[in-house]
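Chemist: Just passing along the structure, written as structure tokens.
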Amino acid sequence: MLKVFMIIACIGHIVCGVTDCMLAYSKSGRFDFSDSKDPEKMRRVFSEMPLRQIELATLVGIFALFAAAPGYLSISMWIAQYSKMTGNVCFIASLFFIVLIVTHHGFCGAVEWFFIRFGRTDEALLAIMEFFKKTVITAIAYVGLLVFAIVFFVLVITGKTDLPRWAAVFNTFPIFLILAPTKAPAKGNIANAIMFLGMSFLL
């Protein structure tokens, strides 16, 4: 069952990565939140972005993240057999990450949807950016992921589990550090997917 959860979590992050790209890319170009300072660029980027694309990306992404949740919780419970306190820390960090990242994903989709739905006007841009600034606190979700990844990494690389030390490479933390300087989209989801894929063979 543990391997099943790892595979589902891997697929969940792959799907979520695809939905992130659906929210970021349109026929008119790539959206970045730094573009919000340039109303003309915002209008151009979203000029050919269908509302249906944003709706699908938002909803499917939310379900994909929920599908990944048992993977994190299962690893946390597996860790608990070696250190109950550490397992509990990872469990809480996992819940913190999943609950808030699902909310954050939904808010990001909503911001784009309302900008397009209300005509991509300057007023619409001001409104969505006000909303985003007031809800961006949900991005603190990544603190939970960071805690989970680092604790898991340290446990494996220090030999506190029965996994070989080299298995620590299958962890979001080192993989993301490698991907960070690249132009690859959805880096976090790629890193998480690789971690769960590796764990599906190792656990």
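Chemist: Below 8 Å between Cα atoms, with a sequence gap of 6+, how large is the relative contact order for the range 37-120 in percent?
Modeler: 42
Chemist: For Leu51, what accessible surface area do you get with a 1.4 Å probe? Give it in Å², rounded to 10.
Modeler: 50
Chemist: Ignoring any ligand, DNA or RNA, what whole percent of the accessible area of the range 83-203 comes from carbon and sulfur when the probe is 1.4 angstrom? Don't jump to the answer; show the numbers that get you there.
Modeler: Working: 4690 of 6240 Å².
Its accessible area is 75 percent carbon and sulfur atoms.
Chemist: At 1.4 Å probe size, put Trp78, Trp113 in order of accessible surface, largest to smallest.
Modeler: Trp113, Trp78
Chemist: Using Cα positions and a limit of under 26 Å, work out the lysines in reach of Lys27, with same-chain residues fewer than 8 apart set aside.
Modeler: Excluding near neighbours in sequence, the set is Lys37, Lys41, Lys183, Lys187.
Chemist: When the dipole is taken about the Cα centre of the range 40-122, and only Lys, Arg (+1) and Asp, Glu (-1) are charged at their Cβ, what size is it in debye, to the nearest 20? The partial results should precede the final answer.
Modeler: Values: 7 positive and 5 negative charges, 6 e Å.
Magnitude of the dipole: close to 20 debye.
Chemist: Sorted by accessible area with a 1.4 angstrom probe, largest first, how do Ser47, Ser74, Ser28 fall?
Modeler: Descending order: Ser47, Ser28, Ser74.
Chemist: What's the magnitude of the charge dipole for the range 1-57 around its Cα centre, counting Lys and Arg as +1 and Asp and Glu as -1 at the beta-carbon? Answer in Debye, nearest 20.
Modeler: About 100 debye.
Chemist: Now for a different question. What is the log10 of I(q)/I(0) for the range 1-140, computed with the Debye formula using one identical point scatterer on each Cα and no solvent, at q = 0.13 Å⁻¹?
Modeler: Calculated log10 I(q)/I(0) at the listed q: -0.63.
Chemist: Would you work out which of Val18, Thr103, Ala93 lies farthest towards the positive end of the dipole of the chain? Charges go on Cβ: Lys and Arg +1, Asp and Glu -1.
Modeler: Ala93
Chemist: Which value in nm describes the separation of the simple spin-label points at Tyr25 and Asp162, placed 7 Å from the Cα toward the beta carbon?
Modeler: With each label point 7 Å from Cα toward Cβ, the separation is 4.3 nm.
Chemist: Please compute the per residue accessible area over the chain with all protein chains in place, 1.4 Å probe, rounded to a whole number of Å².
Modeler: In whole numbers, the chain has 51 Å² accessible per residue.
Chemist: Treating only the Cβ atoms of Lys and Arg (+1) and Asp and Glu (-1) as charged, compute the dipole magnitude of the chain about its Cα centre; round to the nearest 20 debye. It would help to have the intermediate numbers written out before the result.
Modeler: On the way: 17 positive and 12 negative charges, 61 e Å.
Result for the chain is approximately 300 debye, rounded to the nearest 20.
Chemist: Sort Lys3, Lys133, Lys183, Lys160 by accessible area with a 1.4 Å probe, largest first.
Modeler: Lys183, Lys133, Lys160, Lys3
Chemist: Stretch Phe114-Ser34 to full length: gain in nm at 0.36 nm per residue minus the Cα-Cα span?
Modeler: 27.0 nm
Chemist: Another one. Can you show me the helix-derived [θ] at 222 nm for the chain, built from DSSP H runs with n ≥ 4 at -39,500 (n - 2.57) apiece and divided by the number of residues, rounded to the nearest 500.
Modeler: The helix-only estimate for the chain comes to -25000 deg cm²/dmol at 222 nm.
Chemist: Please name whichever of Ile128, Phe33, Phe63 sits farthest to the positive end of the charge dipole of the chain, dipole taken about the Cα centre and charges placed at Cβ: Lys and Arg +1, Asp and Glu -1.
Modeler: Phe63
Chemist: Further question on the same structure: Scaled to the compact-protein estimate 2.2 N^0.38 Å, what is the alpha-carbon radius of gyration of the range 131-198, rounded to two decimal places?
Modeler: Working: Rg = 13.9 Å, N = 68, 2.2 N^0.38 = 10.9 Å.
Rg over 2.2 N^0.38 Å, computed on Cα atoms: 1.27.
Chemist: Compute the distance in nm between two label points, each set 7 Å from the Cα along the Cα-to-Cβ direction, one at Glu123 and one at Leu51.
Modeler: According to this spin-label approximation, the distance is 1.7 nm.
Chemist: With a Cα-only, solvent-free Debye model of the range 109-159, what are the log10 I(q)/I(0) values at q = 0.16 Å⁻¹?
Modeler: -0.58
Chemist: Still on this structure, please answer the following. So how exposed is Ser83, as accessible area in Å² (1.4 Å probe, rounded to 10)?
Modeler: About 30 Å², ignoring ligands and nucleic acids.
Chemist: With a 1.4 Å probe and all protein chains kept in place, how much accessible area does Tyr142 have, in Å² rounded to the nearest 10?
Modeler: Result for Tyr142: roughly 120 Å² accessible.
The values are calculated or read from the model by the stated rules, or taken from the named source; none is laboratory data. What you see is a predicted model; the values in this text were computed from it and never measured. Neighbour counts are summed over all protein chains in view; Cβ atoms, including those assigned to glycine, are modelled from backbone coordinates with ideal geometry. Side chains are part of the model used for accessible areas, which takes the heavy atoms of the whole protein and leaves out ligands, DNA and RNA. Shrake-Rupley method; radii C 1.70, N 1.55, O 1.52, S 1.80 Å.
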